[in-house]
Each structure stands twice: as structure tokens, then as C-alpha cells.
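Chemist: Sharing a structure below in C-alpha cells format, with a few things to ask.
The values are calculated or read from the model by the stated rules, or taken from the named source; none is laboratory data. Small disclaimer: the values here were computed from a predicted structure and weren't measured. In this analysis, Cβ positions are derived from the backbone assuming ideal geometry, glycine residues included, and neighbour counts consider all displayed protein chains. Remember, those area values only see protein heavy atoms, side chains included, never the ligands or the DNA or RNA. Shrake-Rupley method; radii C 1.70, N 1.55, O 1.52, S 1.80 Å.
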Amino acid sequence: MSTVKGFPEHFLWGGAIAANQAEGAFDADGKGLSTADMVPYFEKKDYVNLKELMHVTSESIEKAMAHKSAAGYPKRYGIDFYHRYKEDIALFAELGFKVFRLSINWPRIFPNGDDAQPNEAGLQFYDNVFDELRKYNIEPLVTLSHYEMPMALVLKYGGWANRKVVDFYVKYAETVMNRYKDKVKYWLTFNEINTTLIEPFTGGGIVEDRYDNFLEASYQALHHQFVASSMATKLGREINPEFRIGCMLARMIHYPATSSPDDVHQALVDNQFNLLHTDVQVRGEYPPFLARYFEENGIHLIKEPGDDQLLRENTVDFISFSYYTSLVSTVTPEKYGVTGGNLYSTVKNPHLERNEWGWQLDPVGLRTVLKEMYDRYRIPLFIVENGLGARDTVEADGSINDDYRIDYLRQHLTQVKEAILDGVDVMGYTMWGAIDIISASTSEMSKRYGVIYVDQDDQGNGTLNRYRKKSFAWYQKVIRTNGEDM
Ligand code: BGP
């Protein structure tokens, strides 16, 4: 029984981005449209209270497709990482990154999803990025699908509810895992795979009005993603036994609003629905509670012979997850003025502050999540998203004094260290948005996460120049001292 003193010697410190929020060049060098390219064109979500999650219908897709010809995508050119990656990676190296999380933009490789051959220009771009990272001994941590499935697979096949998409994903995964087998060791199959149930278009490319039972279609899409993830995991191990392949969950821990047994049970239920994804990808089978839920909601999963064996025999090497906030469960939401039950319109936790977008700030929750998940699964854990979205101000002298972000990161990393001292095997930490990028939920620049500022506003005006925030030097010191000096 070893008693560690702090962060392990080879702790993977770094930062994370997603292709669709950073690269830009949404139609350059043969790239096809992704679902993420379309999201900004759907009805604006009120993200302060999030009264309404995004509902995507065939009609809204037609409008979005028509709109796209009218103007540059709100994701515009992201922060033009596509052309500026060398400059950005040099800054990550200056920070001392050991690892850098990014996604491969699936339609940059297979523009229509069902193309017979991959797009060489797309493959070459990521060769260049991985070569640049390795120049500085920075390990790439690659997400195969970060909400970027080819839009053509939605229009032609109906997205992940169609079993055929499993084969297109597996062909894509095999292509890139083979291509980069000597440059990339760490792979994640799907970003926040639980998004498929929360926002089925973003997570699964499925459209509401095409199904009588949309909930059933969402679980069918998720099943196909579990199968595809298992197939990619199996293939990856055959391509290179050195690969370390992980799942990725948006871990949203739920607390009971009161100590009433009903609220405590409701929190358990809400946590079960979040952890069912890691149950399948780590334990290799669906949790038993789902059978009753499926029966009560008319959900009949269509499985192919061998699916259960695939899930059982190809579980992941580690769990990666995003952590931003904790939520509150209660059997009486109306008592707290909460109507329309969805994920974020949760009960306010009286013990926690909220950021401008309504996300509750709960560093201790991260320690709890780490300990609870390690108890449940006993495999290494990797925090691949954690950070504070905020409106940063550039002072007259050019400084950006984001002390609030230093405070947020310090508090959360302090809790990570506590969890490690409590015996949890934590592989690494890639703060979300190492550099300012387009926000996923708002499609704007003003919700900034980075320790590197990018000069661009919500209308796409600006030089795109990069500037070190106050948090840059702080995070550089944390990495240099392996978390000793925070
Ligand atoms: C997660 C996504 C990331 C990132 C993050 C922050 O769900 O995996 O892509 O965007 O949320 O969210 P936002 O950018 O909306 O503040």
C-alpha cells in the first residue's frame, strides 16, 4: 500500500481543444461539413437558465443548410488553428505541456462519411500537427469524434440511429489509427458520449421528427456508438498494442437537494443515468436498472448477434471525463421554481456560486467524482476537460489579469491532489480550452477558457493574435513544479 506525496512523477499535464471550435477552415482542402458546423444555425439556446435544449428538426436543418450559403459559419475560422498550429504548439511547449488533447475533424478525413477513399490533404494536416507536437515531446491525446460527424451521414443515413454509421466510423477510426500508429498513443473514441441522450443531434446526428419514439432512437444511436467504440478499441489494440484507449464522459455528479430518502434516491438515479455510459465501456455490459426503464418507456434496442460479446471483450484502458459543475436532484423540482426537467435547469445549490452561464462552481465535487469513479471501476482516470468560461478584459497595458481563472484552476487542482493522496490513480489533467476557442454552447468567443488570449470578438473581428494571460505563467509554474507550487 503506497502513500503518495502528490502528483505522480509522469503526470500528464496539458490542455485541450476540439477541432470544430479551434481549426476553422471549415471547408478547406476537401473538408466536408460536420454536424458541429451546423449547430450555430439552430435556435439560440438560453444558456443562462437553459430553459430549452436544442431541438433539431428536418425543417431546422433545411433552414440551416440554406443559411450556410448566406454567410460564413459562426464558428467562422475558429481561431484559425488550421494555419496557426505551429505558433500555438510553441506556446503549449513554453507552458511545459506533456500532453495536448485535440480531436481529428472526421469530415476532414472522410468528407461525406461514406467516401471510398480518405482525403489525403486532411490526413497530411494531422501528420503535420502530430509531428509539431512530437518536436516538443508533447504527447497527442486524440479524440476520434468530438461532435464532428460528417453532416452528409445525417442527411443521407439519419445519423447514428442507422447501424450503417457504425461501419463508416470504424473505417475512419482504422484509417487514422493506422496512419498515426507511430505518432499517437492515447485515443478517446467519443467526446462526452452521454451527450447523445442529452442533445441527440450534437451527440448522435439524429433528428427529432424522423422517429415516433425519439427516446428509443437516441438509445439506439447510443448503442451503435458503444458498438463502434468497442470495434475501434479492438482494432486499435491490433494496430498497436502500445495504444492506450479511453472512453470519455461528461461527469455530472448529482447531489440530493435534501436528506429526504426520496431526494437521496433521486440523486442515485440521476447518477446512474450518467454513469451508465462508463458502466458499458468499462464493465462491458448495460447496468440492470435500464431493463425496467426501457420497458416502461417502450424502448426496444435492436442488437446484432455478437454485440454483447463485443462490448464485454473490448472495454477501455482508462476513463477520461470532463468536469465543470455539480447538479442537484430532487423529486419536487417545482418547490425550487424549476420547470422543464433537463440537465442544466437544475435546482440551485445554495452552497455554490454560479458563473455567468449558470454553471455552479464546485471544486470539492471533483475530488468526490474522482474517488467515487475510482471506487466503482478501479482503472486509471484522466481529467480531459476542466476550466472556467469567463469574459476576460484586456487592460490598457495589454495585460489580462484572469485571477479568477487561476483561482478556479488552483481550487480544482488542489482537489485532484487530495484525491491522489486518497489513493486515486489519476493519469493526467488537460485543462479545457488551453487557448481561447469558440464556445460549444454559445458559438461565441466571449466565453473564454484559455491561459492564452486570442484577439477576436463574437463577430469575428480581430487580429487573431495570441497573448499570454496572467494564468499562463501560473499554469507554467504548476507544471514545472509538478503541482507542488500552486
Ligand atoms: C464540453 C465540450 C467542450 C467544451 C466544453 C465547454 O461539453 O466537450 O467542447 O465546449 O463543454 O463548454 P462551452 O464551450 O459551451 O462553455
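Chemist: Once you have the Kirkwood Rh of the chain from its Cα pairs, apply Stokes-Einstein at 37 °C and 0.692 mPa s and quote D in µm²/s.
Modeler: Numbers: Rh = 22.8 Å.
Translational diffusion coefficient: 144 µm²/s.
Chemist: Calculate the length of the line joining the C-alpha centroid of the stretch 409-473 to that of the stretch 198-241, in whole Å.
Modeler: Going from one Cα centre to the other spans 28 Å.
Chemist: Next question, about the same structure. Distance between Cα centroids, the stretch 248-305 to the stretch 107-179: provide it in whole Å.
Modeler: 30 Å
Chemist: Relative to the present Cα-Cα distance, how much length would full extension add between GLU174 and LYS477 at 0.36 nm per residue of separation? Walk me through the numbers on the way to the answer.
Modeler: Numbers: separation 303, 0.36 × 303 = 109.08 nm, distance 3.84 nm.
Length difference between fully extended and current span is 105.2 nm.
Chemist: If the reach is capped at under 17 angstrom between alpha carbons, list the lysines near LYS303, excluding any in the same chain fewer than eight residues apart.
Modeler: LYS164
Chemist: For ARG391, what charge total do you get from the other residues with a beta carbon under 12 Å from its beta carbon, if Lys and Arg give +1 and Asp and Glu give -1?
Modeler: On the way: positive: ARG405, LYS447, ARG448; negative: GLU356, ASP392, ASP402, ASP436, GLU444, ASP457, ASP458.
Net local charge, ARG391 excluded: -4.
Chemist: If you place +1 on the Cβ of every Lys and Arg and -1 on the Cβ of every Asp and Glu, how big does the dipole about the Cα centre of the chain come out, in debye to the nearest 20?
Modeler: Numbers: 52 positive and 68 negative charges, 169 e Å.
With Lys and Arg at +1 and Asp and Glu at -1, about 820 debye.
Chemist: Which of LYS135/LYS185; LYS185/LYS477; LYS447/LYS469; LYS5/LYS417; LYS371/LYS417; LYS31/LYS156 have a Cα-Cα distance over 19 Å? Write down the numbers at each step before the final one.
Modeler: Working: LYS135/LYS185 15 Å; LYS185/LYS477 26 Å; LYS447/LYS469 15 Å; LYS5/LYS417 9 Å; LYS371/LYS417 11 Å; LYS31/LYS156 17 Å.
In this structure, LYS185/LYS477 lie more than 19 Å apart at Cα.
Chemist: Which listed residue (ASN349, TRP359, ILE17) has the Cα farthest towards the positive end of the charge dipole for the chain, taking +1 on Lys and Arg C-beta and -1 on Asp and Glu C-beta about the Cα centre?
Modeler: My answer, from the dipole projection, is ILE17.
Chemist: Next up: Hey, with R₀ at 60 Å, roughly what FRET efficiency would ASP485 and ASP212 work out to, going by the Cβ-Cβ distance, to 0.05?
Modeler: Values: r = 58 Å, r/R0 = 0.97.
Rounded to the nearest 0.05, the efficiency is 0.55.
Chemist: So who's got an amide H within less than 5 Å of the one on TYR255, skipping anything under 5 residues away but keeping other chains? H placed 1.01 Å off N, in plane.
Modeler: Those lying under 5 Å, H to H, from TYR255 are LEU327, VAL328, SER329.
Chemist: What is the magnitude of the charge dipole of the stretch 78-199 about its Cα centre, with +1 placed on the Cβ of each Lys and Arg, -1 on the Cβ of each Asp and Glu, and no other charges, expressed in debye to the nearest 20?
Modeler: Charge dipole, the stretch 78-199, about its Cα centre: 280 debye, nearest 20.
Chemist: Taking K and R as +1 and D and E as -1, what net charge do the other residues with C-beta under 13 Å from the C-beta of MET373 add up to? Numbers along the way, then the final one.
Modeler: On the way: positive: ARG251, ARG283, ARG367, LYS371, ARG376, ARG378; negative: ASP279, GLU372, ASP375, ASP422, ASP425.
For residues surrounding MET373, the net value is +1.
Chemist: Of the accessible area of the chain, with the probe set at 1.4 angstrom, what percent is carbon plus sulfur? Present the calculation step by step, with values, prior to reporting the outcome.
Modeler: Working: 9560 of 18990 Å².
Using a 1.4 Å probe with all protein chains present, the chain comes out at 50 percent carbon and sulfur.
Chemist: Starting from the Cα of GLU444, move 7 Å in the Cα-to-Cβ direction to define the label point; list residues of the stretch 350-368 whose amide nitrogen is under 12 Å from there.
Modeler: Flagged as within label range: 356-357.
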